[in-house]
1. Can you sort LYS301, LYS47, LYS186 by solvent-accessible area, 1.4 Å probe, largest first?
2. Based on the mean of other Cβ atoms within 10 Å per residue, sort peptides 85-94, 236-245 so the most packed one is first.
3. Could you state the per residue volume, in Å³, of the convex hull enclosing the Cα atoms of region 306-375?
4. Determine one quarter of the surface area of the Cα convex hull of region 189-341, which equals its mean projected area, and express it in nm² to one decimal.
5. Here are some values of mean projected area of the Cα convex hull in nm²: [x] 17.6; [y] 19.5; [z] 25.4. Which one was computed from this structure?
6. Note down the relative contact order for region 202-343 as a percent, whole number, built from C-alpha pairs under 8 angstrom at least six residues apart.
7. What percent do you get for the relative contact order of region 260-375 when only Cα pairs under 8 Å and 6+ apart count?
8. To the nearest 20 debye, what is the magnitude of the charge dipole of the chain about its Cα centre, counting +1 on the Cβ of each Lys and Arg and -1 on the Cβ of each Asp and Glu?
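The values are calculated or read from the model by the stated rules, or taken from the named source; none is laboratory data. This is a predicted model, so every value here is computed, not measured. All Cβ positions, even for glycine, are placed from backbone atoms using ideal geometry, and neighbour counts span all protein chains on display. Please note that ligands, DNA and RNA were not included when accessible areas were found on the heavy atoms of the full protein model with its side chains. Shrake-Rupley method; radii C 1.70, N 1.55, O 1.52, S 1.80 Å.
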Amino acid sequence: MSRRLSYEGVAVAVPVTVPYVRYSTLGAHWFIGQALEALVNASGVPKAQIDGLCLSSFSLAPDTAVGVTQHMGLSPRWLDHVPTGGASGVMCLRRAARAVQAGDAEVVACVAADTNHVDSFRQTLGAFSNFARDATYPYGSGGPNSIFAFITAHYMRTYGARREDFGRIAVAQRSNALGNPNAMFKKPLTLDEYMGARPISDPIHLFDCVMPCAGAEAFLVMTEERARDLGLAHAVVRGAIERHNAFADDPVMVRGGWLADRDDLYAQAGVQPAALDFVQTYDDYPVIVMMQFEDLGFCDKGEGAAFVQANTLTHDGSFPNNTSGGQLSAGQAGAAGGFLGMTEAIRQLTGDAGPRAVSDARLGLVAGFGMVTYDRCLCTGAVILGRSA
């Protein structure tokens, strides 16, 4: 394998959240526009100087990123559309970072946004994946709940995890969400409430599922020098990986692509997993959080349940995870769910996390996970961000 060039000199700044709403009749374009306006206002960078755009959205069709340039009056010299859902935050950052390093763009806006109403959600499910549709519809199944029930049940049988173990993840994230003004859920969640929630698709129950909503997340990528000149609080990129269609021979997913490349990730950053102050895992369902704990090297495969039992996952605990509340408690605004960990990590590393701040956080990891077809996820990624010197 050829030696990977470092990400030295790349800054990520100006984390933006367009507040989530449960339902909206406004289109994805509106939420993208709100995010871009917030980036301009918060950074002081004129719109004309944003010369790169990296976009992710499920509900933008029939437009793509190039249509957005016309809608928003942008004229970038570098453009990308990353349709990898929950992995798009990491992957947009990787592409934008390389564009900045190469001089193809100076300031890249990375934006993910989606709307949510009954018909848009139905259309998204129907058009998400031909493979998933063909594999599930003949059996009267459809949508992510049944797919993740299949994956979760297989994981539980294989490694002995219990619903209580998944519940510890959900309860801790709800505690974190209470310090996040943008979170959709405002009430504490107890383990008893989690265990007693109505079943959705066995063994998935209500609080294992994210709440679909509308909203946007965004951030800017530029050189560290440019960020300093602008006076912007920023984090730096210490390492990043991505992998697609990993471990395709596993009958049902129990491993993600992070496992294939994690040694490279930590080598880029020059650290070991124990050096991280927090982790932002992709959390469409708790079982996937547990897999990330294993595949990112915090515990061995099959020991995720024991790891959760041994650690406190709140922002002030022994292993801070999803300090914004994650999608399980903040909500899933479509593809913006793939950016939620990125914007939260930037806030943690720039002193902007408020009451959910991890004490003296200097190094954090963000993981992405997207495009689940039937029995596995196709896209995974991770980035290590550090506090700027």
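1. Working: LYS301 70, LYS47 90, LYS186 125 Å².
Putting LYS301, LYS47, LYS186 in descending order of accessible area: LYS186, LYS47, LYS301.
2. Working: 85-94: 29.5, 236-245: 20.3.
Final packing ranking: 85-94, 236-245.
3. Numbers: hull volume 7.8 nm³, N = 70.
It comes to 112 Å³ per residue, whole-number rounded.
4. Working: hull surface 45.1 nm².
Approximately 11.3 nm², given one-decimal rounding.
5. Here the calculated entry is [x].
6. Numbers: 163 pairs, mean separation 46.3, N = 142.
Across region 202-343, relative contact order equals 33 percent.
7. On the way: 142 pairs, mean separation 37.7, N = 116.
About 32 percent, as a whole number.
8. On the way: 30 positive and 38 negative charges, 53 e Å.
Computed charge dipole of the chain: roughly 260 debye.
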